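The values are calculated or read from the model by the stated rules, or taken from the named source; none is laboratory data. Note that the structure is predicted; figures quoted are calculated from it, not measured. In this analysis, Cβ positions are derived from the backbone assuming ideal geometry, glycine residues included, and neighbour counts consider all displayed protein chains. For accessibility, only protein heavy atoms count, side chains too; no ligands or nucleic acids. Shrake-Rupley method; radii C 1.70, N 1.55, O 1.52, S 1.80 Å.
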Amino acid sequence: MPEPAAPADFIGVETWVFDLDNTLYPPAARLFDQIEARMTAYVMSTLGVARHEANRLRADYWRLYGTTLAGLMHEHGVDPVPYLEDVHDIALDHLAPDPALARAIGALPGRRVVYTNGSAPYARRVLEARGLSGAFDAVFGVEHAGFRPKPDRRAFETVFAAGGIDAARAAMFEDDPRNLAAPHAMGMRTVHVAPRPDPAPHIHHHTDDLAAFLDRLR
């Protein structure tokens, strides 16, 4: 089982890397309901398939390739730029600022960055809606990894090289357990952010309250 966190577990961490979706906002916001609907519509339009087939491809590509986009690029040569613009054109008006989370992230020593399988422009919109824009030093999207998605280790290596991030002196916060395997292998501290723990040897810690977890590290 993931261990409870203590400040000593994060001694030497210089860079704090956070996923975006369902990590920096609660899953109850259900942004992915909107994104998935737009993904399905995009697959229908681009590939000329019925809705049930588009839904199947969307889910299968996510499972096989890490993201639906990666599958569409690999299997059909889809241009990632218009896809990312389209599927992330969603409403964020129901997201609320989280001052407690902003304070907790801002109090962390060292650099704080966001790394998402979504696009960086979308990530910045979400951060603004959550009142978190000033808490981070950098935002990396899938485009910064050459559109190669997490959980592929090469995606992490590309982004970390671009950001000057030393994995051995960094921590990764993620809602998807798959996306913590490579960071663990690279020497990062790993934190699973989700309503329920997912016991796995590559997950050091779990939390269902990110702000409270970070406050305990002071």
Q: Search the structure for amide H atoms under 5 Å from the amide H of HIS206, placed 1.01 Å from N in the peptide plane, and list their residues when 5 or more places away or on another chain.
A: GLU3, HIS192
Q: Determine ³J(HN,Hα), in whole Hz, for all residues of segment 77-92 in sequence, where each value follows from phi through the Karplus function 6.51 cos²θ - 1.76 cosθ + 1.60 and θ = phi - 60°; x replaces Gly and Pro.
A: x, 5, 6, x, 5, x, 4, 4, 5, 6, 6, 9, 7, 10, 7, 10
Q. Mean separation of Cα pairs under 8 Å and 6+ residues apart, divided by the residue count of the chain: what relative contact order is that in percent?
A. 28 percent
Q. Pick from ALA120, ALA70, ALA28: which residue has the top mean-square fluctuation in a GNM of the chain where Cα pairs under 10 Å get a spring?
A. ALA28
(Q) Out of the total accessible area of the chain (probe 1.4 Å, heavy atoms of protein only), what percent is carbon and sulfur? (A) 53 percent
Q | Whole-Hz couplings from phi, Karplus 6.51/-1.76/1.60, listed for segment 159-169; x for Gly and Pro | A | 5, 5, 5, 5, x, x, 9, 8, 4, 5, 10
Q: Using the Karplus curve 6.51 cos²θ - 1.76 cosθ + 1.60 with θ = phi - 60°, work out ³J(HN,Hα) for each residue of segment 46-63 in order, rounded to whole Hz, and write x for Gly and Pro.
A: 6, 9, x, 10, 6, 4, 5, 6, 5, 5, 5, 5, 4, 5, 5, 5, 4, 5
Q) In square angstrom, rounded to the nearest 10, how much accessible surface does HIS74 have for a 1.4 Å probe? A) 130 Å²
(Q) I'd like to know which of LEU108, HIS94, ALA194 lies farthest towards the positive end of the charge dipole of segment 84-218, counting +1 on Cβ of Lys and Arg and -1 on Cβ of Asp and Glu. (A) LEU108
Q. Just the accessible area per residue of the chain, please: how many Å² with a 1.4 Å probe?
A. 45 Å²
